[in-house]
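Heads up, the thing below is written out as structure tokens.
The values are calculated or read from the model by the stated rules, or taken from the named source; none is laboratory data. Just so we're clear, the structure is a prediction, and the values are computed from it rather than from any experiment. Neighbour counts run over all protein chains shown; Cβ positions are idealised from the backbone, glycine included.
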Amino acid sequence: MVKKIKPSKSIQKLQSFRKSIPSAEDLTFGIFENDKTSLARAITLIESTRSDNLEKANIVIEKCLSKKTNSIRIGITGIPGVGKSTFIEAFGKKLTSLGQKVAVLAVDPSSTQTKGSILGDKTRMQELVKDPNAFIRPSPSGISLGGVTRKTRETIILCEAAGYDVILIETVGVGQSETAVHSMVDFFLLLKLPGAGDELQGIKRGIIEMADAIVINKADGDNMKLARSATVEFSRALHLYPPKENGWTPKVLSCSALEQTGLEEIWQMVTGYIDESKNSNQFDLKRQEQNKNWLHQTLDEQLRKQFYQNKKIVAKLKSLEIDVINDKISPFRAAEILLQMHHK
């Protein structure tokens, strides 16, 4: 007869709370034990718009904030079709092979009409999702214009508390508006396609100016020559910009996520940047700036929520909308009336 091995107290506690509605303390315990189910449930909690979940979510976040980590936050952006998901899977697998624990926060575009989202990144990253040292969390972007979900910052904190060393944030890739991700990461990586005809766009201000590095993806097969040309053009363009606050000059590299080439060089570049930032104290200053931006974003969020939950304002808004449509009142005057009602 085979003797059953009694699970440890930690495992027993995890098994017990999985079957019930966990408290904030139970969720935090599970996160600290690097239990993926606990982490996923906690993220679902903080993404909830229900007011009765807010206090519990705040407790979990504050407890996780107290756990100090040495994580690296990397934002990865690029137009649809540039191969973000393929790159992230290949890059994530490379990092786990080097002993890193990787969390991927993949944001899927939400429909402006149905508000629905496909959330297909786990399907696209079939190999990485099976990696025990990786965690993938697809979330809908909702109404956010920043290319990131409303609770991305909080999710980062939870993943770090769960012991993930590298947090990869994949943004929607919809253009200039997604530069919001720049305010919450340590390293901002822009993916480009070889031969897309936009190499000289690098001289324009905008998202390229914010990039800490540009990576030409799909540098394989017939694209090799085009990738080399794109690398040269972007390198020339980036030299027109002043160095970053820590003296860093943005780099341009190429890779093939499909053939898994150039990935280790990209990681070496990222860690080199982080080392330089820490030596110049810019890393800590940037993290402090991230926290300040987080505060202001939360204030905007809460004020908007309170405004639209005011029943008197909602009722008045409908009549003012009709007046604005019929040119009976200007949008500015209508907004002023509503804001005065809110402040009373």
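Tabulated data for the structure shown
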read-out	value
Among the candidates Gln297, Gln309, residue that is within 23 Å of Ser183 (Cβ to Cβ) and at pLDDT below 90	Gln297
Of the criteria (1) more than 19 Å from the chain's Cα centre (by Cα); (2) surrounded by 14 or more Cβ atoms within 10 Å (Cβ to Cβ); (3) under 30 Å from Met184 (Cβ atoms), which one Gln297 fails	(1)
Odd one out for Gly81 among (1) loosely packed, with under 15 Cβ neighbours inside 10 Å; (2) modelled with pLDDT of 90 or more	(2)
Segments classed as helices (runs of 4 or more DSSP H), wholly inside region 181-298, with at least 2 members that are of a type in the set (Asp, Glu)	263-279
Every pair of residues 6+ apart whose Cβ atoms lie under 9 Å, when the first sits in region 211-231 and is touching a residue at least 40 places away in the same chain (Cβ under 8 Å) and on the phi > 0 side of the Ramachandran plot while the second is among the hydroxyl-bearing types (Ser, Thr, Tyr) and in a helix (DSSP H, G or I)	Lys218/Thr86
Residue in region 108-128 that is modelled with pLDDT of 90 or more and not acidic (Asp, Glu) present	yes
Residue ranges of helices (runs of 4 or more DSSP H) in region 1-58 with at least 3 members modelled with pLDDT of 90 or more	24-32, 36-47
Residues of region 64-87 classified as in a helix (DSSP H, G or I) and either hydrophobic (A, V, I, L, M, F, W, C) or outside the structural domain of Leu190 (by TED's automatic domain parsing) (or both), total	3
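Listed here are the residues, each with its yes/no results for (1) under 22 Å from the mean Cα position of the chain (by Cα); (2) at pLDDT below 95; (3) outside the structural domain of Ala230 (by TED's automatic domain parsing).
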| site | (1), (2), (3) |
| --- | --- |
| Thr249 | no, yes, no |
| Ile266 | yes, no, no |
| Thr271 | yes, no, no |
| Glu276 | no, yes, no |
| Phe283 | yes, yes, no |
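Yes/no per residue for (1) farther than 30 Å from Arg153 by Cβ; (2) crowded, with 19+ Cβ neighbours inside 10 Å; (3) under 21 Å from the mean Cα position of the chain (by Cα); (4) modelled with pLDDT under 90:
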position: Gly175; (1), (2), (3), (4): no, no, yes, yes
position: Pro194; (1), (2), (3), (4): yes, yes, no, yes
position: Ile203; (1), (2), (3), (4): yes, no, no, yes
position: Ala211; (1), (2), (3), (4): no, yes, yes, yes
position: Lys218; (1), (2), (3), (4): yes, yes, no, no
position: Asp222; (1), (2), (3), (4): yes, no, no, yes
position: Phe234; (1), (2), (3), (4): no, yes, no, yes
position: Pro242; (1), (2), (3), (4): no, no, no, yes
position: Glu245; (1), (2), (3), (4): no, no, no, yes
